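Below is one structure, written out as structure tokens, with a few remarks after it.
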Amino acid sequence: MDKKKRRFYVRTLILAILVVAIGYTIYTTATKDEVRLLKVGAEAPDFSLVDLDGQTHRLSDYKGKGVMLNFWGTWCKPCKKEMPAMNNQYKVFKDQGIEVLSINQAQTVFEVENFISDFNLKFPVVIDKTKSVTRAYNVNNLPASIFIDPTGKVVRVHEGELTEEMLAEFFSSIKPE
Amino acid sequence: MKKIICECGHENPEGTTLCEKCGSPLTEEEKSKKLADMRYEGTAIRSKTYNKTIIDKIWNFFSSVKVGVAIIIITLVAAGIGTFLPQVIYVSLTEYQDAAAAYKAAYGTFGSIYYKLGLADIYSSWWFQTLIGMLGISIIVASLDRGIPLYKSLKNQRVKRHENFLKRQRIFASGEMSAEEADKAFDLTEAKMKEMKYNVRREEGALLAEKGRFARWGPYINHVGLIIFLFGVMLRLMPGFYIDKTLWIREGETMAIPGMEGFYLESKKFTFETYSKDEQKEEFNESKKAVNAVAKNYQTDVKLFKAPDDAVPGDTSNLTLVKEMPIIVNKPLKYDGYALYQMDFRLNELKTMHFDLIDKKSEKSLGSVAIDLTNPEKEYKVGKDSKVVLKKYFPDFAGFEDGEPQTASPLPNNPAFIFVMYTPETPKGETSFVAIKQTLEPLGTTKYKMKFSAVDTRNVSGLTVRKDKTLMILMLGGIVFMLGVTIGSYWSHRRLWLLKTKDGRLLMASHTNKNWFSMKKDLDAVTEYAHLPVYVDQHDEDQKAEDAEKKSKDKEKEGDNI
């Protein structure tokens with residue numbers, strides 16, 4: 001019977017819409033805490049920060065290279081631990097088209113300079129004074145490392161300490177052909 | 001599908017209790033009642049008629065008023081249990097690893113279970129949202145199932161109803177009358193009812209006067225309001241509709257505003273004022289504790305900056321000033337749909353520390369040094385011939401680890417320094433580690449020391465950044481809801497039927513969904529004017545006769561408003 005069939009479809013449609021809406025609501029709430037502005041596969045938000053030598057680093061200038069962003073602070077112990085590893089692997093991969101940009105969390109120039117000389121850092125270090133880049137990348141826990149491929153896409157987001165092995169693997173995955 | 005064929009020949013869908021055309025009772029149950037059940041005009045409630053597929057079964061479940069009421073009660077009880085312990089946003093987590101640990105420590109096993117069940121953050125727990133969602137489905141399905149047939153039935157109602165229908169109305173009258181008298185009574189009734197703003201329709205030998213039909217839509221309108229409201233709340237979870245973030249900003253700082261891309265805020269000053277003694281009432285001053293304890297003002301003077309549209313994050317070279325104003329409690333800075341509220345503060349965070357370079361023996365000062373903790377320098381000149389070199393700075397000194405001083409955070413809660421002091425007497429330099437209430441001389445005893453003399457502090461403002469695009473939707477939902485309640489409460493749907501029978505009687509019947517007292521006033525007026533037979537209230541009669549049955553009747557009345 002046509003009328004009956006139509007009723008069936010209408011009811012199914014209404015219930016389906018409601019279930020989808022409720023399901024979406026519950027799903028979004030459940031995953032709210034883990035929401036990252038930054039999704040793997042998405043375009044890495046462009047930014048520009050000035051390093052301690054006064055040189056401006058703009059992410060889009062590094063297109064064609066694999067870029068690692070590393071968010072850190074001097075008070076963060078795992079950040080300190082991974083610095084030598086980053087330094088070593090940077091030396092290895094530098095000539096293979098890998099750039100490391102290390103982003104400090106709004107600390108003083110004095111502290112950052114001391115830190116650089118303590119660890120003898122070879123890669124550029126910039127200070128995110130207004131925390132706008134940190135916010136654009138939705139970084140909440142330190143250290144956080146973002147690996148960006150030569151086309152500007154986010155390939156990997158890593159929270160926590162990195163070892164040399166991990167760095168070697170991740171660098172290889174983003175290095176230009 | 002089965003049809004029920006009425007005596008009048010009309011085919012009614014299954015489940016109908018009163019014939020759609022003439023109003024005669026169709027079921028045994030309905031026939032056994034003295035008065036007709038007019039709640040849904042005797043139409044078939046859709047859900048009750050089909051029950052074949054799984055979809056029908058789900059539909060019927062949600063269509064039930066009993067189920068709806070049960071969901072409401074469960075929701076209420078759950079929300080009630082949610083008040084047993086503080087919700088997670090009001091719990092200080094600083095001392096604990098996470099919220100679960102905090103609940104366990106404070107409330108034991110009960111707290112642990114409470115947290116695991118999601119009661120500690122009840123509005124975000126999946127099962128509470130499921131309940132609310134089910135309530136939404138119930139509201140929609142139950143309204144559709146009842147509202148649509150009711151609408152159709154009222155839209156298509158006939159003027160001429162069967163005598164059985166009229167007899168079974170609460171208000172009924174019957175009187176012998178000649179044809180001419182009856183015609184005259186019809187004319188007069190029409191005139192009087194029109195005067196009282198009723199719509200009057202006449203068919204051969206029958207009259208229907210009706211007023212305020214829209215009053216029947218009240219409950220459905222307020223359900224629409226509720227659904228709009230729930231939809232608005234749901235929208236808050238969609239990106240871009242709702243932002244609620246916190247920004248801690250220190251005096252003199254310029255920070256990116258979280259959730260508000262391309263905007264920066266500079267805090268110029270935070271002010272916390274209390275009432276002075278003479279501004280307060282005497283009773284306040286009597287208590288020592290209360291003196292100066294009453295807050296008068298919390299205020300952050302800010303500048304709002306916007307970066308050019310093509311600027312990327314971090315590029316603050318071309319900021320333009322948008323607004324400069326104080327943010328005071330309840331007086332937020334509003335811009336472009338965003339509002340910045342004064343919410344919190346911390347007073348007296350260390351900003352600059354002053355030291356004197358003194359000879360330990362003579363306590364003679366060679367001069368002073370001011371260290372700006374937001375921008376320490378490498379070298380400070382003291383007097384003409386001396387200098388202090390700052391080697392290291394630890395803003396939040398937390399002890400030594402492997403001989404290395406550690407800082408626990410970037411905040412200047414417990415600053416510590418390593419100085420090297422050069423004076424004409426000690427040209428090679430003397431190293432000293434200086435923390436609050438602690439001086440170490442790691443490389444041997446020194447002749448000079450850095451003596452702490454004073455601090456400058458600054459205040460920190462806690463601001464809330466908020467954007468809420470759903471507010472208008474919530475407001476609309478609220479207005480529609482109230483509109484429905486008002487319509488349902490203050491208007492009533494009144495009808496009067498007249499029927500001229502072949503055997504020379506004039507029948508009158510009347511129905512209203514509420515406020516029978518006013519209906520009767522209308523009826524009294526028209527009865528007198530048109531010389532209609534005297535009516536009786538069959539419900540009143542019944543009540544007098546059946547006082548014992550009163551209780552069960554009251555039960556039936558519940559749910560009348562659905």
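Observations on the structure shown:
- Summarised as an ellipsoid, segment B:325-446 has semi-axes of 38, 18, 12 Å, derived from the eigenvalues of the Cα gyration tensor scaled by 5 and square-rooted, with the largest first.
- Per-residue Cβ neighbour rank within 10 angstrom, fewest leading, B:His10, B:His493: B:His10, B:His493
- Within segment B:142-162, backbone nitrogen closer than 14 Å to the virtual label 7 Å beyond the Cα of B:Glu204 toward Cβ: B:160
- Pairwise Cα distances in the protein assembly as shown exceed 36 Å in 64 percent of cases.
- For segment B:143-210, Kirkwood radius (reciprocal of mean inverse C-alpha pair distance, Å): 13.9
- Relative contact order of chain B, taken over Cα pairs closer than 8 Å and 6 or more residues apart, is 18 percent.
- Secondary-structure-derived ellipticity at 222 nm for the protein assembly as shown, considering helices only, amounts to -11000 deg cm²/dmol, per-run term -39500 (n - 2.57) for DSSP H runs with n ≥ 4.
- Paramagnetic reach from A:Val92 (point 7 Å along Cα→Cβ, amide N under 17 Å) across segment A:141-177: A:162-176
- A crude spin-label estimate for the pair B:Asp336 and B:Leu476, with each label 7 Å from Cα along the Cβ direction, gives 2.5 nm.
- Cα gyration tensor, segment A:48-174 - rounded (a/c under 1.5), prolate or oblate: rounded
- Among the listed pairs B:Lys33/B:Lys520; B:Lys268/B:Lys364; A:Lys122/A:Lys175; B:Lys21/B:Lys514, those with a Cα-Cα distance over 29 Å are B:Lys268/B:Lys364.
- Note on segment B:42-153: percent of Cα-Cα distances in each 5 Å bin, starting at 0 and stopping at the bin with the largest distance, equals 2, 11, 17, 15, 12, 10, 8, 8, 7, 5, 3, 2, 0, 0.
- Gain in span if fully extended, B:Ser317 to B:Thr352, counting 0.36 nm per residue against the direct Cα distance: 9.9 nm
- Net charge over other residues, Cβ less than 12 angstrom from the Cβ of B:Leu188 (K, R count +1; D, E count -1): -3
- Computed FRET value (nearest 0.05) for B:Val485 with B:Asp121, which takes r as the C-beta separation and R₀ as 35 Å: 0.65
- For segment A:48-174, DSSP calls about 60 percent of its internal beta bridges antiparallel.
- Pairs from the list B:Lys392/B:Lys447; A:Lys3/B:Lys57; B:Lys34/B:Lys184; B:Lys323/B:Lys469; B:Lys361/B:Lys387; B:Lys323/B:Lys467 with a Cα-Cα gap above 24 Å: B:Lys34/B:Lys184.
- Counting every alpha-carbon pair across chain B, the share separated by more than 42 Å comes to 54%.
- For segment B:42-153, the relative contact order comes to 40 percent (Cα pairs under 8 Å, sequence separation of at least 6).
Bear in mind that the values in this text are calculations on the coordinates, not laboratory data. Please read these numbers as outputs of a predicted model, since none were measured by experiment. Backbone-built Cβ (ideal geometry, glycine too); neighbour counts: all protein chains shown.
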